[in-house]
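Enquirer: I'd like to ask you about the structure that follows.
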Amino acid sequence: MKQGLDNRSMNMAQGANGTSAQNDPMKPQGLSRRNFVAAAAMGLAGVAAAGLAGCSPKSSGEPSSSSSAGGAAVPSSWDGEYDVIVCGGGGSGLTAAYSALENGASSVVVLEKAGAIGGTTALAEGAIQASGTQWQKDIAGVDDDTSELHKNFWMTDSEGLVKEELVQCMAENAPENLQWMADNFNITFSNVFGCYPTPYMKDEYMRDRIHLITDASDETKTGGVVWTTNAAAAVQDKGGEIMTDTEVTDIYQDEFGTVVGVATADGKNYKANKGVVFAMGSIDHNEDMAFKYDQQQYWDLKTQAVATCETDTGDGIRIGMAHGADTAFHGCVDLILQTWSYTNNQNPEIPYILIDQRGNRFVREDTTYAFHCRAMFNAAMAQGGMDGCTYMLMDNKMLSADAKCLWSDNALGGQEAREAALKDGSMVQADTLDDLAAALDMPASSLKATVEAWNAACAAGEDAAYGRVKQLTALDEAPYFAWKTQNTNIGSIGGLLIDTDAAVLDTNGDPIPHLFGAGVDTAGWIGPYYPGSGTCLQGALNWGRIAGKSAATTA
């Protein structure tokens, strides 16, 4: 989500090549901003490899005490045989496949459920975080960033709900990972920007470290689709195989619990001599699993907009759990798409405050987008449960706001979008706060007190209530507008717990032999909300690269 969103950030340009990829399963197309808004409203479906951090995977020479070899019997014959099987053809899966090939796997196949490779990564803005890179120095002028600062940034935003060793692994590998990506996938980085802090973030941890993926041969091509398109070509050039429309439904384990192959929905079975990598996305569109494990994701599925690939149904997580894998689930990655609020510190902010159903402010708005969106979820649930909501309160200055504000007259089709929102009731307009409160069925005294307190804070230049520092602009010009906020969900947080070798762990904390995880179907490295654009893509890159190496070199 450029502009500053991430893997989970959606690409506002068209596909990297600027043309439709509808008929080419190897080149998924990005979404235009306007198409993305419409789709979201409908609930859319180099660096030496030896230098990569990660420990040698454990041998599978002893029977597993907890990773059961139960389930379907191992087939007596196979429909195909490979050293490494990668399940999922998004950014993490393609990276894992290439890494396996460069680390000695003689045969690698990528099995992709959809009719085209790319997954949600191909929709992403293409933002990826790293510290201490040459691009960060040359483009952003930042020459004092370190992996330790980056780790501290991620750890702070995790609120203590991550495995520190996983976050450290990502932070330490991040700059080398970007160079590896550049060297192997014909990629450069055309912009470096920053995210917004949370209220408890130390200033010393903040840096502009979000890199925008760009095709090295054509800098008009940006976004996650550049990664997936170029990586797919690199995998095939190196001898790897890619199979689309191939849904993995289960894994096979031998009597020791070692994963030895996979089953697919078409009744075929494929043998993996060295390892299987799960890179199949999280539970974004799995309503049952969201209900059980991730309440914010479930709320988004039922009441908001989920804008990731429809095939992201947590298949790898479900299969792993059935074979004894341990899991952790938190929240999700939400943003206010209609305004791109606080997604990228290079974007202008628009004047607004967030209020609950009683007209009260409840959060510091100028925080990284998923932080205040989590607060919006909590406020909605506190005031109305599943039917709860929050509002973005604006005044006449909205009409002349930056073009990233969907309803601004400066936005393409802004007047039409505003009129449509007023017509469908998602936005209310009134000449007085009393009338606005009446239209929203909230106490006028609360709403007026909130606005008076905000305007006083703006006049004083200090938000004593929440500590906001950006866009301290009074709301004092009629008419007033209240938009019933709609989070746009670009992925859930949680999945299979892994170690620093990307080995999937069982409920005793031991690796399931020859099973590895990559990307957002893994857990332990992102906390309860998303810490800013570029985190998921770095996770996809880091754990994909490690998983591929581990699978190729396992004993």
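Enquirer: Rounded to the nearest 0.05, what FRET efficiency do residue 452 and residue 396 give with R0 = 25 Å and r taken as the Cβ-Cβ distance? Could you check? Before the final figure, lay out the partial values.
Expert: On the way: r = 18 Å, r/R0 = 0.70.
That gives a FRET efficiency of 0.90.
Enquirer: Can you pick out the pairs among 113/549; 113/221; 221/268 whose Cα atoms lie more than 30 Å from each other? Kindly include the intermediate steps, with their values, before the conclusion.
Expert: Values: 113/549 23 Å; 113/221 26 Å; 221/268 38 Å.
221/268, as the Cα separations exceed 30 Å there.
Enquirer: What value does segment 150-297 have for Rg/Rh, both radii from Cα atoms and Rh as Kirkwood defines it? Write down the numbers at each step before the final one.
Expert: Values: Rg = 19.7 Å, Rh = 19.3 Å.
For segment 150-297, the value is 1.02.
Enquirer: Given a Förster radius of 22 Å and the C-beta distance between residue 288 and residue 381 as r, what FRET efficiency does 1/(1 + (r/R0)^6) yield to the nearest 0.05? Don't jump to the answer; show the numbers that get you there.
Expert: On the way: r = 20 Å, r/R0 = 0.91.
Efficiency for this residue pair is about 0.65.
Enquirer: Turning to a different aspect of this structure: Determine the principal axes of the Cα atoms in segment 162-236, then give the extent along each, sorted from largest to smallest and rounded to whole angstroms.
Expert: If we take the Cα atoms of segment 162-236, the spans are 44, 27, 16 Å.
Enquirer: Could you tell me the convex hull volume per residue, in Å³, taken over the Cα atoms of segment 322-437? Walk me through the intermediate numbers first.
Expert: Values: hull volume 18.5 nm³, N = 116.
Hull volume normalised by residue count: 160 Å³.
Enquirer: Rounded to the nearest whole Å², what accessible area per residue is found for segment 469-555 with the 1.4 Å probe? It would help to have the intermediate numbers written out before the result.
Expert: Numbers: 1660 Å² over 87 residues.
Value returned for segment 469-555: 19 Å² of accessible area per residue.
Enquirer: Next up: Which of the peptides 135-146, 399-410 is most tightly packed, and how do the rest follow, judged by the mean count of other Cβ atoms within 10 Å per residue?
Expert: Result, highest mean first: 399-410, 135-146.
Enquirer: Considering only protein heavy atoms, what per residue accessible area in square angstrom results for segment 315-465 with a 1.4 angstrom probe? Could you put the intermediate results ahead of the total?
Expert: Details: 5570 Å² over 151 residues.
With the other protein chains kept in place, segment 315-465 gives 37 Å² per residue.
Enquirer: Starting from the Cα-Cα distance between residue 72 and residue 202, subtract it from 0.36 nm times their residue separation and give me the gain in nm to one decimal. Can you show the working numbers first?
Expert: Numbers: separation 130, 0.36 × 130 = 46.80 nm, distance 5.15 nm.
Once the chain is fully extended between residue 72 and residue 202, it gains 41.6 nm.
Enquirer: What aspartates and glutamates does residue 137 reach when the alpha-carbon gap must be under 20 Å and sequence neighbours fewer than 8 apart in one chain are set aside?
Expert: Partners within reach: 145, 148, 172, 176, 183, 203, 204, 208, 215, 219.
Enquirer: Quick one: plug the Kirkwood hydrodynamic radius of segment 65-153 (C-alpha pairs) into Stokes-Einstein at 4 °C, 1.567 mPa s, and report D in µm²/s. Please report the intermediate quantities before stating the final value.
Expert: On the way: Rh = 17.0 Å.
In µm²/s, the coefficient is 76.
Enquirer: Right, something else. As I understand it, the dipole of the chain uses +1 on the Cβ of Lys and Arg and -1 on the Cβ of Asp and Glu, about the Cα centre. Which of 127, 80, 181 lies farthest toward its positive end?
Expert: Farthest towards the positive end: 127.
Enquirer: So how far apart, in nm, are the two label points at residue 459 and residue 410 if each is 7 Å from Cα heading toward Cβ?
Expert: 2.7
Enquirer: Excluding residue 407 itself, calculate the net charge of residues whose Cβ lies under 10 Å from the Cβ of residue 407, where each Lys or Arg counts +1 and each Asp or Glu counts -1. All intermediate terms of the calculation are to be shown ahead of the outcome.
Expert: Values: positive: 418; negative: 409, 416, 419.
Charge balance near residue 407 sits at -2.
Enquirer: Ignoring ligands and nucleic acids, what accessible area does residue 285 show with a 1.4 Å probe (Å², nearest 10)?
Expert: 40
Enquirer: Restricting to DSSP loop positions (anything but H, G, I, E, B) with no more than 14 other Cβ atoms inside 10 Å of their own Cβ, which trypsin sites (Lys or Arg not before Pro) remain in segment 163-213?
Expert: Values: sites: 163, 202, 207, 209; in loops: 163, 202, 207, 209.
Passing sites in segment 163-213 are 202.
Enquirer: Go through 460, 495, 511 and say which Cα lies farthest out towards the positive end of the charge dipole of segment 406-555; charges sit on Cβ, +1 for Lys and Arg, -1 for Asp and Glu.
Expert: Farthest towards the positive end: 511.
Enquirer: Would you please put 542-551, 458-467, 373-382, 125-134 in order of how densely packed they are, using the mean number of other Cβ atoms within 10 angstrom per residue and starting with the highest?
Expert: Values: 542-551: 32.3, 458-467: 12.9, 373-382: 21.1, 125-134: 27.3.
Peptide ranking by packing, descending: 542-551, 125-134, 373-382, 458-467.
Enquirer: If you don't mind, there's one more thing I want to ask. Under a point-charge model restricted to the Cβ atoms of Lys and Arg (+1) and Asp and Glu (-1), what is the dipole moment magnitude of segment 396-532 relative to its Cα centre, in debye to the nearest 20?
Expert: Numbers: 8 positive and 19 negative charges, 43 e Å.
Dipole size: approximately 200 debye.
Enquirer: Sticking with this one: Highest first, please rank the peptides 219-230, 471-482 by the mean number of other Cβ atoms sitting within 10 Å of their residues.
Expert: 219-230, 471-482
Enquirer: With +1 on each Lys and Arg Cβ and -1 on each Asp and Glu Cβ, how big is the dipole of segment 282-432 about its Cα centre, in debye rounded to the nearest 20? Let's see the in-between values first.
Expert: On the way: 11 positive and 22 negative charges, 73 e Å.
Approximately 340 debye in magnitude.
Enquirer: Per residue, what volume in Å³ does the convex hull of the Cα atoms of the chain enclose? Mind showing how you got there, number by number?
Expert: Numbers: hull volume 74.4 nm³, N = 555.
Roughly 134 Å³ of hull volume per residue.
Enquirer: Follow-up question, since we're still on this one. Sum -39500 (n - 2.57) across every DSSP H segment of at least 4 residues in the chain, then divide by the residue count to get the 222 nm mean residue ellipticity, nearest 500. Mind showing how you got there, number by number?
Expert: Numbers: 14 runs with 171 residues, N = 555.
The per-residue figure over the chain is -9500 deg cm²/dmol.
Enquirer: Okay, moving on. Just how large is the dipole of the chain about the Cα centre, in debye to the nearest 20, putting +1 at every Lys and Arg Cβ and -1 at every Asp and Glu Cβ? Please report the intermediate quantities before stating the final value.
Expert: Details: 35 positive and 70 negative charges, 50 e Å.
In debye, rounded to 20, the chain gives about 240.
Enquirer: Continuing with the same structure: What accessible area per residue comes out for segment 208-251, rounded to a whole number of Å², with a 1.4 Å probe? Present the calculation step by step, with values, prior to reporting the outcome.
Expert: Details: 1580 Å² over 44 residues.
It amounts to 36 Å² per residue over segment 208-251.
Enquirer: Right, something else. Measuring from label point to label point, each 7 Å out along Cα→Cβ, what is the residue 302 to residue 219 span in nm?
Expert: 4.9
Enquirer: Which listed residue (384, 407, 272) has the Cα farthest towards the positive end of the charge dipole for the chain, taking +1 on Lys and Arg C-beta and -1 on Asp and Glu C-beta about the Cα centre?
Expert: Looking along the dipole axis, the top candidate is 407.
Enquirer: Per the 1.4 Å probe, what fraction of the accessible area of the chain, in percent, lies on carbon and sulfur atoms? Walk me through the numbers on the way to the answer.
Expert: Details: 8620 of 18980 Å².
Roughly 45 percent, rounded to a whole number.
Enquirer: Identify all lysines with a Cα-Cα distance to residue 404 below 17 Å; exclude those on the same chain that are fewer than 8 residues away in sequence.
Expert: By straight Cα distance, residue 404 reaches 2, 470.
Enquirer: Here's a follow-up. Take segment 139-197, drop everything but the C-alpha atoms, weight them equally and run the Debye formula without solvent; then report log10 I(q)/I(0) at 0.15, 0.19, 0.21 Å⁻¹ to two decimals.
Expert: -0.56, -0.84, -0.97
The values are calculated or read from the model by the stated rules, or taken from the named source; none is laboratory data. Owing to the predicted nature of the structure, the values given are computational and were not obtained by experimental measurement. Methodologically, a virtual Cβ is constructed for each residue, glycine included, from the backbone with ideal geometry; neighbour enumeration extends over all protein chains shown. Calculation scope for accessible area: heavy atoms of the full protein, side chains included, ligands and nucleic acids excluded. Shrake-Rupley method; radii C 1.70, N 1.55, O 1.52, S 1.80 Å.
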